[in-house]
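The values are calculated or read from the model by the stated rules, or taken from the named source; none is laboratory data. This is a predicted model, so every value here is computed, not measured. Using ideal geometry, Cβ is built from the backbone for each residue, glycine included, and neighbour counts are taken over all protein chains shown.
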Ligand SMILES: [Zn+2]
């Protein structure tokens, strides 16, 4: 029993994902701001220390995306053509540059994945023709 407890304590103190393992998972850019992704020190849902991929600029954990999808999404958000969070009204975020940036990054983060999905689906269907 004593041994079990010691083992558990040892596991608890270890990083679930090491910084190196986390850095190896990084792919692409931040889907919100297009910035560099990093291994961010955090704790998992069980309170254990770990590293997750995220963006310091957005203060968010991120999955990462190819830069081209981010660029297309950002253009569509900036032009107002596609806004995935339609309940987030732009003018309500225009009171400070930080809030406007948050609005832009949040809209872009979601749309980046939509753009990737649409592009891959177009390629897939084009191959079948
Ligand atoms: Zn970011």
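Odds and ends about this structure:
- Looking only at the range 20-51, and only at residues there that are away from the ligand (no atom under 14 Å from the Cβ) and either assigned by TED's automatic domain parsing to the domain that holds residue 109 or touching a helix residue (DSSP H, G or I) at 6+ places or on another chain (Cβ under 7 Å) (or both), the one that is modelled with the lowest pLDDT: 48
- Residues (at pLDDT 95 or above and either under 25 Å from residue 120 (Cβ atoms) or within 16 Å of the ligand (Cβ to nearest atom) (or both)) located in the range 81-94: 81, 82, 83, 84, 85
- Filtered residues of the range 71-100 (kept if part of a helix (DSSP H, G or I) and either surrounded by 16 or more Cβ atoms within 10 Å (Cβ to Cβ) or touching a residue at least 24 places away in the same chain (Cβ under 8 Å) (or both)): 71, 72, 73, 74, 76, 77, 78, 93
- Hits in the range 53-68 (condition: within 14 Å of the ligand (Cβ to nearest atom) and not in a loop (DSSP other than H, G, I, E, B)): 53, 54, 55, 60, 61, 65, 67
- Qualifying residue in the range 34-44 (condition: without any contact (Cβ under 8 Å) to a residue 24 or more places away in the chain and part of a helix (DSSP H, G or I)): no
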